[in-house]
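Working notes, structure below.
The values are calculated or read from the model by the stated rules, or taken from the named source; none is laboratory data. Because the structure is a prediction, the values reported are computed rather than measured. When we count neighbours, we look across all protein chains shown, and the Cβ atoms used for this are built from the backbone with ideal geometry, even at glycine. Side chains are part of the model used for accessible areas, which takes the heavy atoms of the whole protein and leaves out ligands, DNA and RNA. Shrake-Rupley method; radii C 1.70, N 1.55, O 1.52, S 1.80 Å.
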Amino acid sequence: DTSTAARILQRWRGGHIDIEGGVVHLPDPAGSTTPLTVAIRHAAVRRSDDEWSVFGLVFLPERLGRTARVALRVNGELARPQTLSGSMQVEGHALSFSGVRDFLAPADPLGVYLPREGGGDVGVNIDFSRGHLTRASGDLRTTGLVFDTPQMRLERLRGAWHLTRRADHWRLQADSVSIGQMDHVRLAASFS
């Protein structure tokens, strides 16, 4: 239970925890009886008052990909998500999107929009304030993508994207996008 874990961590009065090496066995949210084994290369948690910093570099199970790196900086009370402000960076290398989709789908209804085939490298940067997303950006280098919703196949998708809030609407911009044989496409969209 994440709320119980947040309350326990909130009582910790500060300092740091460093982990070098180790293995974590997680139940498979996709229902497999074989647990997911994540090998920890390095992980660190630091706290000073209401400021938290978390870093982790892990080797993923083969069905998910190769490696993942997470860096999180947050201010606020963990048991009250609406108070949290900060940033998070996530990188996944040599990801297998079918495995990632199976892993995320039971916990996140948006998981069905992930590709059911393909792989690649993905990076995401998120900034949030008082529990609300304020901006996001990322980059991706992928091949062999097959989507169910909407139904489509992309042999190659590469590029960088930025999502920013402007007054009462959001703006999504993708630069230097390569889709299949089309290179350096620029896309932009606004929505409320």
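Observations, loosely collected:
- Both radii are taken from the alpha-carbon atoms of segment 66-169; with Rh as the Kirkwood radius, Rg/Rh is 1.01.
- When the charge dipole of segment 1-43 is built from unit charges on Cβ atoms (+1 for Lys and Arg, -1 for Asp and Glu) and taken about the Cα centre, the candidate among His25, Thr37, Trp12 whose Cα reaches farthest toward its positive end is Trp12.
- Tilt relative to the chain, helix 2-11 - C-alpha long axis, 0 to 90 degrees, to 10: 40 degrees
- Helical mean residue ellipticity (222 nm; -39500 (n - 2.57) per DSSP H run of 4+; nearest 500) of the chain: -2500 deg cm²/dmol
- Accessible area of segment 100-192 belonging to carbon and sulfur atoms, whole % at 1.4 Å probe: 56 percent
- Over every Cα atom in the chain, the radius of gyration and the widest Cα-Cα span, Dmax, amount to 18.3, 54 Å.
- Excluding ligands, DNA and RNA, the accessible surface per residue across the chain is 62 Å² with a 1.4 Å probe.
- Scoring 166-172, 22-28, 47-53, 95-101 by mean Cβ neighbours within 10 Å over their residues and listing the highest first yields 95-101, 47-53, 22-28, 166-172.
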